[in-house]
Each structure stands twice: as C-alpha cells, then as structure tokens.
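So the structure is just underneath, and the comments pick up after that.
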Amino acid sequence: MRNWWKVAIVLVAVVPVVGCGAVSPQSPTPTPSVTNTPTYIDAPEADDLEETATLADSALRAYLNRLETPDRWIDALSPYLGRDALYAYSTVDPMRVPEAEIEGSPVLVQGNATAVAYLIPTTIGQWRVQLVREGEAGSSRWVVDRFVQPEGAQ
C-alpha cells in the first residue's frame, strides 16, 4: 500500500513537468522588424496632402495671430476648425498663445485617409497641427482638430 502512494506522488510531480517540454521546432520565434519609413493605411491622396498642408499652414498662422481681440481671433480661426476644436478654442485668450512666427513649410509626420498631422517650424520650435476629416462621406472636409505647441514653449 505504501508503494502506491509513492507512485501517485511521483506521477503528480512529474506529469506536469513533462507537459512543459520544449517548443515545437515548427513554431518559429517572430523577429521584430524595424523601419524608419512611415507606413500608411489608406494613405491620403496627393491632392489631399496639398490641401491639408496649406490648411495646416494657414490655420497655424491664424492661431499665432495673437494681437487680435478674442472675438476677431476666433472669427479668423473658426473657418479652419472642426466642431470640437471650435468649442475648445473659443475659450482661449489669444494673448496666452506663445509668441512665434512660422519659419518653414509643413512636414507630414502622420497620415491616413481620415487624419493627418504636420510639423511646422517656428521661431520657438516645431508646432504640430492635427487635421481630421469631418462630415458625411462624399461631403466631408479637412479641419483642424488640434494645435500642439513645442515642448517648453510658454
């Protein structure tokens, strides 16, 4: 009877370990790939890229025009903004926008068929302007969703 318990203990201890054996040679370990080239799913059309680059530049110029009264500032900015952005930026005091001037052209850093982002060089660093498509399919338009000031800008 004592031998029966010894066999049972050995089976309980050994069987789970046997199940944890080596991985099958048919399941290769995935190798991570590194690429410096951005990839786009449903990339924007060339016409959209030209349109969005111009829109990003014009919108940032209006945003940085801090010498306007708050009412004039938001009136000049509103044609470029989407619904949510208009709501958010309508409460901004333009004098709190960091003073900067655009020094170069927009550079696409992210994009697909419904959203793009550009970096625009200014005297205080690179501003990020994010645009999205707003509206129904077939009648949608590109609008600014957000301005992101350079790190450290005040």
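The values are calculated or read from the model by the stated rules, or taken from the named source; none is laboratory data. Keep in mind the model is a prediction, meaning the values are calculated, not measured. Every residue, glycine as well, gets a Cβ built from its backbone with ideal geometry; the counts of neighbours run over all protein chains shown. The protein model used for the area step is the full one, side chains on, heavy atoms only, and it has no ligands, DNA or RNA in it. Shrake-Rupley method; radii C 1.70, N 1.55, O 1.52, S 1.80 Å.
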Calculate, for the stretch 54-154, the solvent-accessible area per residue in square angstrom, rolling a 1.4 angstrom probe over the heavy atoms of the protein chains. 58 Å²
Leading residue at positive end of dipole, the stretch 58-152 (Cβ point charges), from Tyr80, Thr91, Gln110: Gln110
Taking Lys and Arg as +1 and Asp and Glu as -1, residues besides Thr52 with C-beta under 11 Å from its C-beta add up to -4
Within 12 Å, Cβ to Cβ, of Pro70, how many net charges do the neighbouring residues add up to if Lys/Arg are +1 and Asp/Glu are -1? -1
Which percent of the accessible heavy-atom area of the stretch 43-154 goes to carbon and sulfur, probe 1.4 angstrom? 45 percent
Out of the GluC sites (Glu not before Pro) in the stretch 52-154, which ones are loop residues according to DSSP with at most 14 other C-beta atoms within 10 Å? Glu99, Glu101, Glu103, Glu136, Glu151
Sum of side-chain charges, Arg146 neighbourhood, beta-carbon under 14 Å (Lys, Arg +1; Asp, Glu -1): -1
Run the dipole for the stretch 95-154 about the Cα centre, Lys and Arg Cβ at +1, Asp and Glu Cβ at -1, nothing else charged, and hand back the magnitude in debye, nearest 20. 140 debye
